[in-house]
Amino acid sequence: MDLGSLYVDQTPPDDLSRERAQRFPGMKIYPTIAEALTLGGSKLDVDGVVIVGEHGDYPKTPKGQVQYPRFRFFQEAVKVFRDSGRPVPVFNDKHLSWKWEWAKEMYDTSRAMGFPFLAGSSLPVTWRIPSVEMPHNARVKEAVTICYGGVDSYDFHGLETLQGMLERREGGETGVTWLEAYRGDKFWQAMQQGSWSKRLFQAALCRSHTLAQAREGFNDAFPSVDDMRRLVKDPVAYQYRHADGPVATMLLMSGLVRDFNFAATLEGRSEPLSTQMYLPMPDGRTTLANFFSPLVNNMEQMFLTGKASYPIERTLLTTGLMAAGIDSLYAGQTKLETPHLAIRYQPARESTFWRS
């Protein structure tokens, strides 16, 4: 599989594209998306499209959302499809758009034109420690993910961690009816009041390989709430209810962990189902980041077979959840009804997380 062309929207001093184009002469950089998709000709001349709208210098909304140009990139690609009389499979990295209406339009366009559409992050498809899967048709009562990072960035990864597991429950996905965000003091109040299961919280936290030390020196003391308040400066939670009942909570706790950990309560199972979505990060000296390879594998399989390995509805839902979480924070951490997230779909029966 060859990368035949590239369009680069911005070229800051540390840009890598020019060096790559010199090293790999078969990959040509074009000044427009249309020229990249037509290889400088008049008709579509590639077998697939990869959209990565991330990083770069882009304005923010009043809510703090970076206005990455994924929707614009998608529109320009679709115009080439229409002008050429045929589409090809499209992969969109991360959430579909910062704006819900645009995300929904991207989804609707892909369905109307009939081209395979894959999107999302590495979390649902990466390695797991332990290497376990949510049983197909499991009856889930509650789920928790403990992770790190900020709003309008790693919150999406946390939501993908949850959804990649919860979509496999009995009946498949039914959509989300409400969401409420917590931040700062309200976060700690919610934890103290038991807004999410303490047992699930501990089960997920025990999967972390990066749990911060609660005391000086080498020890194995499990952090108390006071320890966590000292370690975590800006905690954020998104809690939401699926239409068929399960409640899910995504907890951003930078300073406590630097990985993505999941736990859920299942009917008929005495202990929580828990695992870590493992992303092998570089240590800055000797190792390379390899967390994108599982996602690239799914992307390549779609280009080769013409079929997406998991439903695009997953990313549509997590995109909407992320936007709702940001809306709730912006509205003073209020509980929001989410009728627009009545998104139903059936997951792929076969597991798609990485095992090799």
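Computed over every Cα-Cα pair of the range 60-104 and binned at 5 Å starting from 0, the pair-distance distribution P(r) comes out as 5, 20, 26, 22, 14, 7, 4, 2 percent.
Remark: the range 262-271, residue by residue, has Karplus-estimated 3J(HN,Hα) of 10, 8, 8, 9, 10, 4, x, 10, 6, 9 Hz, where x stands for each Gly or Pro and the curve is 6.51 cos²θ - 1.76 cosθ + 1.60 at θ = phi - 60°. Cross-link partners for Lys335 among the lysines, with Cα-Cα distance under 18 Å and sequence neighbours closer than 8 places in the same chain left out: Lys63, Lys186.
Placing +1 on each Lys and Arg Cβ and -1 on each Asp and Glu Cβ, with no other charges, gives the range 5-120 a dipole about its Cα centre of roughly 220 debye.
Between the Cα long axis of helix 154-166 and the first principal axis of the chain there is an angle of about 80°, rounded to the nearest 10.
When you restrict to C-alpha pairs under 8 Å that are six or more residues apart and normalise by the size of the chain, the relative contact order lands at 22 percent. Note on the range 62-216: Cα Rg divided by 2.2 N^0.38 Å, N the number of residues, gives 1.27. Equivalent-ellipsoid semi-axes for the range 296-353 (Cα gyration tensor, √(5λ), whole Å, largest first): 31, 12, 9. Each of His242, His55, His157, His340 was scored by other Cβ atoms within 10 Å of its Cβ. Arranged with the fewest first, they read His55, His340, His242, His157.
Neighbour counts of C-beta atoms inside 10 Å place Glu76, Glu313 in the sequence Glu76, Glu313, starting with the fewest.
In terms of its Cα atoms, the range 167-291 spans 46, 35, 28 Å along the principal axes, sorted from long to short.
When only Cα pairs below 8 angstrom with a gap of at least 6 residues are kept, the range 110-253 shows a relative contact order of 35 percent. Binned at 10 Å from 0, what are the whole-percent values of the Cα-Cα distance distribution for the range 205-356, short to long? Going from the shortest bin to the longest, the percentages are 8, 25, 36, 25, 6, 0.
Take 16-29, 294-307 and order them by the average number of nearby Cβ atoms within 10 Å per residue, most first; the result is 294-307, 16-29.
Placing one identical point scatterer on every Cα of the range 5-120 and ignoring solvent, what is log10 I(q)/I(0) from the Debye formula at q = 0.20, 0.23 Å⁻¹? For the range 5-120, the Cα-only Debye profile gives -1.17, -1.38. Semi-axis lengths, largest first, of the ellipsoid equivalent to the range 125-219 are 25, 19, 14 Å, with √(5λ) applied to each eigenvalue of the Cα gyration tensor. Rounded to the nearest 20, the size of the Cβ-charge dipole of the chain about its Cα centre is 340 debye, with Lys and Arg at +1 and Asp and Glu at -1. Taking every alpha-carbon pair under 8 Å whose residues sit at least 6 apart, the range 5-120 reaches a relative contact order of 22 percent. One chain, two ends: Asp83 and Asn297. Fully extended at 0.36 nm per residue, the span grows by 74.1 nm beyond their Cα-Cα distance.
Sorted on the mean count of surrounding Cβ atoms within 10 Å across their residues, most packed first, peptides 324-336, 135-147 read 135-147, 324-336.
Any read-out appearing in this document is the output of simple, stated calculations on the displayed coordinates, not a laboratory observation. In this text the structure is predicted, and so the values were computed from the model without any measurement. Counting neighbours? That spans all protein chains shown, and the Cβs are built from the backbone with ideal geometry, glycine included.
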